[in-house]
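Novice: Following this message is one structure expressed as structure tokens.
The values are calculated or read from the model by the stated rules, or taken from the named source; none is laboratory data. No experiment lies behind these values; they were computed from the predicted model shown. Here the Cβ positions follow ideal geometry from the backbone for every residue, glycine too, while neighbour counts run over all protein chains shown.
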């Protein structure tokens, strides 16, 4: 018990250091005149402090035996991680927004070729050597393009950040959600990607499945086990088709039934496009 209390105290002290660093980052973000270099240093400092908390949390979990206490400590760590990632994401957006855009490719400035670089086959008429006072020839220097012709960093367009997709637990939407999410998260760190993945879960059921995972790779494994089974997708699509009801009865149109009919066909068309789904559907329907 003494070891548990000692580990909790050590982890709490590390959390206090991280909280102070995140508070400083928040003040720098709110101050428009703050130095980006200082802000970047505090971001790095916060990342190192959070990694230290993760190490101490793992050491604590190795000695905790009570299940209720284990879940309580995991919840504490999840809140700590959420606070950290929110602060870091906000700070990184400020850094990305205010950082100067790299200059476009400027035309290379090359001097005129020397005599030794000219075509040796070209003939140059011989000039008589003058015995009088030697004349100084003007030296040709490369001209620097005027400032007006240089690309301006302020006029460079900035792309708006892509919005991450949401997942409601519908097995039919999982494959599309995963592909779109990975496309949007290509520039995120592992910690940022994991936090964004948990935020993309709209229902507590899906959120609770992955919140305790050690990394984003494990989170995807859990989601794949629940929603990535192609046979389950095929079963769901076939069930949707079987449950369709006629939307026309003796010339009368049932608009809600017609709407569900069209929606089901659209979902079927979208999800059944992969050949593996088509093959499974054909095999099931025969």
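Novice: Can you name every residue in the stretch 31-60 that is out of contact with any helix residue (DSSP H, G or I) (no Cβ under 7 Å at 6 or more places or on another chain) and farther than 15 Å from residue 92 by Cβ?
Specialist: Correct list: 31, 32, 33, 35, 48, 51, 54, 55, 58.
Novice: From the residues in the stretch 193-206 that are surrounded by fewer than 17 Cβ atoms within 10 Å (Cβ to Cβ) and part of a helix (DSSP H, G or I), which one is nearest to the chain's Cα centre (by Cα)?
Specialist: 199
Novice: Could you look through the stretch 207-221, keep only residues that are under 17 Å from residue 177 (Cα atoms) and surrounded by 15 or more Cβ atoms within 10 Å (Cβ to Cβ), and pick out the one that is modelled with the highest pLDDT?
Specialist: Looking at the filtered set, the residue picked out is 220.
Novice: If you don't mind, another one. Let me spell it out: the conditions are (1) over 14 Å from residue 57 (Cβ atoms); (2) surrounded by 12 or more Cβ atoms within 10 Å (Cβ to Cβ); (3) modelled with pLDDT of 90 or more, and residue 16 meets all of them except one. Which number is the exception?
Specialist: Failing condition for residue 16: (2).
Novice: Considering each residue of the stretch 70-108, count those that are surrounded by 13 or more Cβ atoms within 10 Å (Cβ to Cβ), more than 23 Å from residue 22 (Cβ to Cβ) and modelled with pLDDT of 85 or more, and give that number.
Specialist: 1
Novice: While we're on this one: For residue 187, only one of the following conditions fails: (1) at pLDDT 90 or above; (2) loosely packed, with under 15 Cβ neighbours inside 10 Å. What is its number?
Specialist: For residue 187, the exception is condition (1).
Novice: Can you tell me which of (1) closer than 25 Å to residue 74 by Cα; (2) at pLDDT below 85; (3) in a loop (DSSP other than H, G, I, E, B) is the one residue 169 doesn't meet?
Specialist: With respect to (1) closer than 25 Å to residue 74 by Cα; (2) at pLDDT below 85; (3) in a loop (DSSP other than H, G, I, E, B), residue 169 is out only on (2).
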